[in-house]
Every structure is written in structure tokens, then in C-alpha cells.
Amino acid sequence: MNDREFDVILWGATGFTGRLVAAHLLERYGAGAGGLRWALAGRSEQKLAEVRDALGGAAAALPLVIADAADQSLLDVLASRTRVICSTVGPYARYGSGLVAACAHHGTHYCDLTGEVHWMRRMIDTHHERARETGARIVHTCGFDSIPSDLGTLFVQREMQRAHGAAATIVKFRAREMRGGFSGGTVASMLEMFEEADRDPEVRAVLADPYGLNPQGQRQGLDGPERTLPSFDADLGAWVTPFVMAAINTRVVRRSNALLGHAWGHDFRYDEGMVMPFGPWGFPLAAGVSAGSAAVSTAASFGAVRRLLTPLLPQPGQGPSEQARRNGLFVIDLLAKSAADGPVAIRATVRGEGDPGYASTSRMLGEAAACLALDDLDSPGGVLTPAVAMGDALLARLPVHAGVTFEVA
Ligand SMILES: NC(=O)c1ccc[n+]([C@@H]2O[C@H](COP(=O)([O-])OP(=O)(O)OC[C@H]3O[C@@H](n4cnc5c(N)ncnc54)[C@H](OP(=O)(O)O)[C@@H]3O)[C@@H](O)[C@H]2O)c1
């Protein structure tokens, strides 16, 4: 693979998130000249040239590659010219399948930002075996969903093993602070998922299954469906509400455990929640947030409501302003325990600077691409998770290049 023309092709470089990933790669790795050999790709040459001009400076040396999702022959050429493809072309269920097929076939590593669980299930069922044969590492969820959850759990389990000689049977993800917004592409992807769930009972079954991304025959365990009500977390002494991305992240973490040969045990349990302020306002706030998110997902499950709301939401290409991206942040605690009624054995914190979904996500995705291209990884091919595909190498990169830190508290 080293004889390929590029190390990384960024497909979707004209989109809201794609532009941010391009800016990150340029800042960290320059444009060719002995470093990472990378290119901008998309469906419109003119739009790509505008992006390259807007990036300025060294970007002038970046090659442009044209490929539309509707043309499989172009996707095959795309996949055969590079060692890694980094895709921000979404909704992935609408545009992404042909490229994953091409990467699995050509042994090209791949990373993206999808949170569309039903589509990941489809990619696993269709391409995992072929990717294993060709050595292609296909890695979904390389942004805020699900790197803090997945690599955070790997990190806290490493610390458990080091300090206590055994993995934790329970890991709890508790988001303490989070400030960020949504882009049109994310809205479109969520709406697409609701549409598919409306039409197809199999999609609904995958979305409802807590082990929906696990390999066939390994879809059972102690975890149940996502919580919808607030609960009191005695380890924190605070009320906790459902975490907005839990239905994605929990599936990814459980797939990691399964792909690692259940290194964290068959009785491993993992859940996610958002911590409410301590004191008398904790419960009313938790009840309000839970009721609010239940109301939003119930409303969004009606096609008529979706059609009414769509024009009012951010459109493709739009997203949080530069100032909002700069002012964002996230702070997540991971609590590891050996028994439900036992003490917290290790408490780790994952922090990120900037809007989690865009500033931080674009850096995490850029680093995932760089990691797949430049680092010495020992994972096999397949449809993997960030922790399984890149594990320690990505844990080492993120604090240095992406402002995302993993520390024992
Ligand atoms: N997990 C996370 O943390 C996270 C965070 C951010 C975003 N995301 C996901 O990332 C994806 C992108 O979001 P976004 O806000 O950046 O979306 P966006 O601004 O709408 O960008 C979409 C990109 O897809 C391209 N595209 C559309 N149709 C295409 C086709 N037929 N062939 C080739 N390219 C095509 C667009 O090209 P044109 O410019 O030519 O239209 C554009 O470059 C979404 O699925 C979103 O959910 C996830």
C-alpha cells in the first residue's frame, strides 16, 4: 500500500465539518512536501477549488480529486489511489455505502463521523469479512461520537488493570460539562435515521438493541435499553439524565469489548448519563431535561412534525459560528467499578477544547486519519471501532494534536 499516490484523501472537504478537518490537517501536517501526502475530494471541482483558496497559504499545493457518491467507478478509483479515506460526506446511510464497499475491496483504511447505528450494522454485515481479508480498517464514529466514550473506556480499563490487576465490570460515562451546537449535516443524518426507522422494522430492531453492533451470536449481556428517566447516582451524589448520544456510544463501546474477545468480561456493563448540578435544583432540572428530550424524540418520530420542523433547522453546509466553536468544551468523567455496590476504583476524566461536535470532532477525525496513515498499528482489518483499530496510538495523538486529554482524576 505504501506505493499509493496519497496517504489520506479527505472526501467531503466542501461540507461544514469537512472544511474544519481540512484546516486541521493543513495546520498540523502541511501540504505534501515530505509530510502527509493528502488531497481534498468532493463532487464539485469548483467548490473544492474555493475551499482550497479559502484555506490559503500552503494549501495551494493540495491536489483535488472529484468523486460523486452516485458513481461507483469513481469511488473505486478514489479508494485505490490512497492508503486512507477520511469521509465527512453524510448522511452516510444515503451517500456512504459505495465508498465503504470500495475501501473494503481495495484494502484501503477508512474513517468517518457517522452516528447512524443502523447503517453501521449494514456495513458490518456486508463488509466486515471482506475488510478482514484485505486488511482494510473501516472505522466509524471517529468524532465526539464515540471517541471520548470508546477510547475513554479503553483508557480507564488500562488504568484499572494497572492499579487493580483486573478490568472493571462497570464503567459509567458521566458528562459533567458540555457546550456546543448542531450542523445541517447532523440534522439531516438524524432525520434520515428517523425516516428509515419509520419505514423498516429491522432498522427499529437494530436501534433498540443495546448490543446492536456486536458480532452475530454475541448480542447478549447485562445492559438493557437506554434510560429515559432521571436517576440518582450514589457514586456522585447527583442526579443524572439520559445522555443525548448514548444510543450510539454504548453500542460502540460494547462492540469494542466483543472485538477485544470480551477483555472486559462477558458481564461488563456500560452506560452514559449527563450530571445535573448538586443541591435542591438537581432533581427538578433532571426531570425537566429528561422530559424535554423525550418530547423531542417523540415529536421527531412523526413524519409530519419532521417535515414542519426541517426548514427551521440548520441546513446542509451550515453549523455553529466560529465564536461558538471556540467557546465550546466538554468534560466527561468515567467511573470504573468492580461491583455495583462497591466503591469507584478509578475515576478518569476526558476533556476537549472547543465545540465538541465540530471544533473538537474535526480534530479527532483528522487525527484518526493521520493515525491510520502514519502509525504502526497491529489491529487486523474489519469494520472496527476507534479503540480496537487505533487504541493506544490514538490515545497518544489526541492530547498532543487535538486538545483532547485522558487523565486519572
Ligand atoms: N459524530 C459527530 O460527532 C459528528 C459531528 C459533526 C458531523 N457529523 C456527521 O458528519 C456528516 C457531515 O456533516 P456536515 O454538517 O459537515 O454536513 P454538510 O455540511 O451538509 O456536508 C456534507 C458533505 O457531503 C457532500 N455530498 C453531498 N452529496 C454528495 C454526493 N452525492 N457525492 C459526494 N459528496 C456529496 C457535500 O458536498 P457539496 O458541498 O458539494 O454539497 C458536503 O461536502 C453528517 O453525517 C453529520 O451527522 C458527525
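Could you pull out the residue among Val100, Val84 that is touching a Phe, Trp or Tyr at 6+ places or on another chain (Cβ under 8 Å), β-branched (Val, Ile, Thr), part of a helix (DSSP H, G or I) and buried (at least 24 other Cβ atoms within 10 Å of the Cβ)?
After applying the criteria, what remains is Val100.
When you go through Ile170, Ile147, Ile124, Ile138 one by one, which is the residue that is away from the ligand (no atom under 15 Å from the Cβ), under 19 Å from Leu365 (Cα atoms) and touching a residue at least 40 places away in the same chain (Cβ under 8 Å)?
Exactly one of Ile170, Ile147, Ile124, Ile138 is away from the ligand (no atom under 15 Å from the Cβ), under 19 Å from Leu365 (Cα atoms) and touching a residue at least 40 places away in the same chain (Cβ under 8 Å), namely Ile138.
Take the range 394-409 and flag every residue that is closer than 18 Å to Gln157 by Cα, open to solvent by 10 Å² or more (accessible area, probe 1.4 Å) and touching a residue at least 24 places away in the same chain (Cβ under 8 Å).
Leu395, Thr405, Phe406, Glu407, Val408, Ala409, listed by residue number.
Looking only at the range 1-53, how many residues end up being more than 26 Å from the chain's Cα centre (by Cα) and under 19 Å from Glu322 (Cβ atoms)?
Residues in the range 1-53 being more than 26 Å from the chain's Cα centre (by Cα) and under 19 Å from Glu322 (Cβ atoms): 2 in total.
If we scan the range 355-368, do we find a residue that is touching a strand residue (DSSP E or B) at 6+ places or on another chain (Cβ under 6 Å) and more than 21 Å from Ala175 (Cα to Cα)?
yes
Tell me, yes or no, whether the range 82-90 has at least one residue that is within 12 Å of the ligand (Cβ to nearest atom) and either modelled with pLDDT under 95 or assigned by TED's automatic domain parsing to the domain that holds Leu213 (or both).
There is at least one residue in the range 82-90 that is within 12 Å of the ligand (Cβ to nearest atom) and either modelled with pLDDT under 95 or assigned by TED's automatic domain parsing to the domain that holds Leu213 (or both).
I'd like the full set of residues that are within 9 Å of the ligand (Cβ to nearest atom) and within 10 Å of Val65 (Cβ to Cβ), limited to the range 39-55.
Ala41, Gly42, Leu48
Run down Ala54, Ala58, Ala79 and say which single residue is open to solvent by 50 Å² or more (accessible area, probe 1.4 Å), part of a helix (DSSP H, G or I) and under 20 Å from Glu367 (Cα atoms).
Going through Ala54, Ala58, Ala79 in turn, the sole match is Ala58.
Table: residues versus (1) in the same structural domain as Gly12 (by TED's automatic domain parsing); (2) in contact with a strand residue (DSSP E or B) (Cβ under 8 Å, 6 or more places away or on another chain); (3) farther than 18 Å from Phe6 by Cα.
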site	(1), (2), (3)
Tyr92	yes, yes, yes
Cys111	yes, yes, no
Val117	yes, no, yes
Ala131	yes, yes, yes
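Let's see how each residue does on (1) open to solvent by 30 Å² or more (accessible area, probe 1.4 Å); (2) in contact with a Ser or Thr (Cβ under 7 Å, 6 or more places away or on another chain); (3) within 15 Å of the ligand (Cβ to nearest atom):
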{"site": "Thr186", "(1), (2), (3)": "yes, no, yes"}
{"site": "Ser189", "(1), (2), (3)": "no, no, yes"}
{"site": "Gly217", "(1), (2), (3)": "yes, no, no"}
{"site": "Arg227", "(1), (2), (3)": "yes, no, no"}
{"site": "Asp233", "(1), (2), (3)": "no, no, no"}
{"site": "Trp239", "(1), (2), (3)": "yes, no, no"}
{"site": "Phe243", "(1), (2), (3)": "no, no, yes"}
{"site": "Ala247", "(1), (2), (3)": "yes, no, yes"}
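I'd like to check which strands (runs of 3 or more DSSP E) are fully inside the range 288-393 and have at least 3 residues that are of a type in the set (Val, Ile, Thr) and surrounded by fewer than 24 Cβ atoms within 10 Å (Cβ to Cβ).
Those strands (runs of 3 or more DSSP E) span 344-353.
The values are calculated or read from the model by the stated rules, or taken from the named source; none is laboratory data. Everything numeric in this text was worked out from a predicted model, so none of it was measured. All Cβ positions, even for glycine, are placed from backbone atoms using ideal geometry, and neighbour counts span all protein chains on display. Each accessible area value is taken on the protein alone, full model and side chains, heavy atoms only, with ligands, DNA and RNA left out. Shrake-Rupley method; radii C 1.70, N 1.55, O 1.52, S 1.80 Å.
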